[in-house]
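Values in this text are rule-based calculations from the coordinates and carry no lab data. Worth saying up front: this structure is predicted, and the values here are computed from it rather than measured. All Cβ positions, even for glycine, are placed from backbone atoms using ideal geometry, and neighbour counts span all protein chains on display.
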Amino acid sequence: MAAINWGYGISKPRAIDIDRNNLRRSDEILHEMPELQSCIGCGSCTAVCTAGNLTEFNFRKVHTLVRRGEYEGAYELMNRCMLCGKCRLVCPRGINTRGVVMLIKRKLGDF
Amino acid sequence: MSFFAPFCLPFMAGAVVMFALLLVKWSTWFCGMPRADKMAVLRGLPTRKTLAAVWEVVSESLLHRRIFRINPVLGYMHASLAFGWFLLIAVGWVETVACLGLRYVPLQGHVFYKYFAATESLPHLAVFDQAMDFLLLVVLSGVALAWGKRFCSRMMGMRRTTKHVPGDRVALSALWFVFPTRLVAESITAALYGGGGFLTGGLGGVMEEYLSPLLLARLFEPVWWVYSLSLGVFFAALPFSRYMHIFTEVPLIFLRRYGVRAGDKESSGDRFRTDACSRCGICIDPCQLQSVLGIDDVQSVYFLRDRRYKMLEMKVANNCLMCGRCEAKCPVGIDLNTLRRNSRDTMRNIPDERRYDYFAGVDRSSGEGRVGYFAGCMTMLTPRTLTAMERIFAAAGEQVWWADRSGGVCCGRPLKLSGETDSARRMMDYNAGLFRKHGIATIVTSCPICLRTFREEYDLPGIEVIHHSEYIMRLIRSGRIKVGRGEEKFTYHDPCELGRGAGIYDEPREVIESLGVLVEPHSTRENSLCCGSSLANTVISDAQQLRIAEGLAAELDATGASTVVTACPLCKKAVSCAASAPVKDLSEVVAERL
């Protein structure tokens, strides 16, 4: 079996200045999908991800960045998702992850 | 004889408006259809399909046989109104011909023949008086039942009826007025001029007895006005209301017989489908979103209504399990799920053309063999199914090519169900290319979602697509695997995609019966419930999905079976959250008894 990318690794150091980011879209997303705030960042979604198995796509990372106002490239990354729905079945918080993918794409389509 | 009186005007105006609008609407819809569909209609015209369509129009648009099968009282209500009214028109036509010979009589002359026969002393035949009265009585009984349905729908086996829009209420009220006013108008005419059958003549006799001739004479013209007005209002409102179905179901039946169905993309031909919905509401009761969660604005009847009046919202279009329970019951036979999918396609994001470029060169398959096994995303989450299949393949001595045991690309159905039809096509092309490259003759999958897509969407010449239930059944039949039969009691849950979707009901049952005793749950086969985890719904929450699963699990547990068997990894996941008995995939119970 090929090595599974669990979505963990050493992240490059980066700083997000929430005061400078425009959080309007992020607020809209959280308003429509408030359950996303209950995410504990366990990464189960990323561990089982069909697209994540083939590429660097990391659902946990993308939605976390989007919530902090880092929208750059989120649409393109979310587009790698195949909507197969495994993430939704494993989410310990019962978050409607497929709904989140579609919502982020809808909100950030022009970014 | 001019066959004209001023009171005819509302009726004539209504009829002209209705026929003009029907003609305009139908021709625009037909002209806007894709060329291939129009050609299919032209090619089908001179074939036997036309005769079959004519018969279906009689049996469905007039007699409503499918509704009779759902509930006899409901069927009688629809048939008495439709077939009764049709016969009133047809027999009325024969009556004028029989009385006046073959000569031109304008439309209002046929409709208001009783008025003209009385005022202009035209002949009338007793046999037609009686026949027309009988038909009027039949229609009136239908109207009475329709009234009764407002107050007690359970009488007709319906827990919920449709919530109507104002336009429908106008047309509905006019329709309810048409026949009682006709009865009164013809009775007063009979009271003043004689004639009439057992109903109008009888009622006319009573009126003659108790009412003064002066009052009757004063009421005579006004009641004919009211009758004509109700007809006129109904006809004018018809093209804008749900009663558009009366006429639109006819071209829909012909289109369906000629093989023209709803497709992946919205087309103007879909208007024949949305407008053929009579909003009878039969789709409401089977919907588990309604019965379990109390969501009552997303069912097919409301979806079609919203789409027709161009007020469809994304959350309505997306809030559907696409389990197919309503489609199986729809008396008009509308492609409900396909229409919902192509609405989602219209509302989708603008896809990124390069989004799946990363598929290029990916091939994680392993093994060599003429038989391929495609686990699918969901089976990868239920590894017991995967290991059970490995054991079954080994026991049968099958050389297997494993398509996606180390990761692969989704079959494309989840994306397609979300409306991203074009992007899903890229996945389908990828997987089909992979299957062809490895030269397999059979592809076995343990996921009904994948199975349906492979069968319906993939172009796989020379490759047989089978579900693992079919594969295991063949192994047992041919004796390639031997299973031990015990006395254990199993119950089986029909997955939506496998049962209603792919028509596979008997194969898993045959396999289970070779292992032990099979007991059926209350809702089974075509009626089976959805587990709630359907990939088609992106709106309901986890807790709501669980409540649907609990409803299903309660039925399965009630059978007293020691093991719940299903044949879909997604159903297995959903039901095992709620059932008290252990839930196993078909392959697991077989592998345990090898």
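Here are some notes:
- Shape of segment A:24-108, Cα gyration tensor, a/c cut at 1.5: oblate
- Computed over segment B:484-592, the alpha-carbon pair-distance distribution with 5 angstrom bins reads 2, 13, 25, 27, 19, 9, 3, 1, 0, each value a whole percent.
- Potential lengthening between residue B:309 and residue B:119 on full extension [0.36 nm per residue; Cα-Cα distance subtracted]: 63.9 nm
- As a length-normalised measure over Cα pairs under 8 Å and 6 or more apart, the relative contact order of segment A:24-108 settles at 38 percent.
- Lys/Arg +1, Asp/Glu -1 at C-beta; the protein assembly as shown dipole; positive extreme among B:544, A:81, B:284: A:81
- With a cut-off of 10 Å between beta carbons, the residues surrounding residue B:331 carry a summed charge of +2, where Lys and Arg count +1 and Asp and Glu -1.
- Between helix B:468-477 and chain B: long-axis angle, C-alpha atoms, 0 to 90°, nearest 10: 70
- In order along segment B:50-58, the Karplus-derived 3J(HN,Hα) couplings, from 6.51 cos²θ - 1.76 cosθ + 1.60 at θ = phi - 60°, round to 4, 5, 4, 5, 4, 5, 5, 4, 5 Hz, and Gly and Pro are given as x.
- The gain in end-to-end length when the residue B:422 to residue B:441 segment is fully stretched comes to 4.1 nm, 0.36 nm per residue minus the alpha carbon separation.
- Two numbers describe the Cα atoms of chain B: Rg and Dmax, which are 29.8, 98 Å.
- Each part reduced to its alpha carbon centroid, segment B:371-392 and segment A:58-111 end up 27 Å apart.
- C-alpha long axis of helix B:200-210 to longest principal axis of chain B, angle in °: 50
- Cross-link pairs exceeding 18 Å in C-alpha to C-alpha distance, out of A:105/B:265; A:86/B:572; A:12/A:61, comprise A:105/B:265.
- With contributions of -39500 (n - 2.57) from each DSSP H run of at least four residues, the per-residue ellipticity at 222 nm computed over chain A stands at -11000 deg cm²/dmol.
- Ascending count of other beta-carbon atoms within 10 Å, so fewest first, for B:193, B:210: B:210, B:193
- Karplus-derived HN-Hα couplings along segment B:219-234 (A = 6.51, B = -1.76, C = 1.60, θ = phi - 60°), whole Hz, x at Gly and Pro: 7, 3, 5, x, 5, 5, 4, 5, 4, 5, 5, 5, 4, x, 5, 4
- As a ratio to 2.2 N^0.38 Å, the alpha-carbon radius of gyration for segment B:180-296 is 1.70.
- Mean projection area, nm², convex hull over Cα of segment B:132-223: 7.4
- Calculated [222 nm] ellipticity per residue, helices only, for chain B: -17500 deg cm²/dmol; basis is -39500 (n - 2.57) per DSSP H run with n ≥ 4, divided by all residues, nearest 500.
- Segment residue B:395..residue B:50, full-extension length gain: 118.9 nm, with 0.36 nm per residue of separation and the alpha-carbon distance subtracted.
- Rounded to the nearest 20, the Cβ-based charge dipole of chain B about its Cα centre (Lys and Arg +1, Asp and Glu -1) stands at 720 debye.
- For a modelled paramagnetic label at residue B:489, 7 Å from Cα along Cα-to-Cβ, the residues of segment B:550-571 in reach, with backbone nitrogen under 18 Å, are B:553-566.
- Between the amide H of residue B:400 and those of B:368, distances stay under 5 Å, these residues lying 5 or more places away or on another chain, with hydrogens modeled in the peptide plane.
- Cα gyration tensor shape of the protein assembly as shown, rounded if a/c is under 1.5, else prolate or oblate by comparing a/b with b/c: prolate
- Between segment B:95-111 and segment B:461-514, the Cα center-to-center distance that results, in Å: 64
- Unit charges on C-beta of K, R, D, E only; dipole of segment B:357-473, Debye: 200
- Chain B: angle of helix B:8-31 to the longest principal axis, Cα-based, in degrees nearest 10: 30
- Computed 3J(HN,Hα) for segment B:390-401, one whole-Hz value per residue from the Karplus formula 6.51 cos²θ - 1.76 cosθ + 1.60 where θ = phi - 60°, is 4, 5, 5, 4, 5, 5, 7, x, 8, 7, 10, 9, glycine and proline marked x.
- Efficiency of FRET from Cβ geometry, residue A:56 and residue A:17, R₀ 30 Å, rounded to 0.05: 0.75
- Relative contact order (%) - criterion: Cα under 8 Å, at least six apart; region: chain B: 12
- Cβ-placed point charges (K, R +1; D, E -1), dipole of the protein assembly as shown about Cα centre in debye, nearest 20: 1120
- Summing charges over neighbours of residue B:241, with a neighbour being any other residue whose Cβ is under 12 Å away from its Cβ, gives +3 when K and R count +1 and D and E count -1.
- Residue B:518 long-range amide H proximity, modeled H, under 5 Å: B:490
- Set of aspartates and glutamates with alpha-carbon distance to residue B:163 below 20 Å, sequence-local pairs under 8 removed: B:275, B:285, B:296, B:297, B:306, B:313, B:327
- With neighbours defined as other Cβ atoms within 10 Å of a residue's Cβ, the residues B:460, B:293, B:23, B:255 order from fewest to most as B:23, B:460, B:293, B:255.
- Remark: B:188, B:512, B:70 ranked as B:70, B:512, B:188, counting other beta-carbon atoms within 10 Å and listing the fewest first.
- Considering every alpha-carbon pair of segment B:44-115, the percent of pairs per 10 Å bin, from zero through the bin containing the longest distance, is 18, 31, 28, 21, 1.
- Pair residue B:152, residue B:352: separation of 7 Å Cα→Cβ label points (nm): 6.1
- Residue list for segment B:553-594, given a label point 7 angstrom along the Cα-to-Cβ vector of residue B:464 and an amide N cut-off under 14 Å: none
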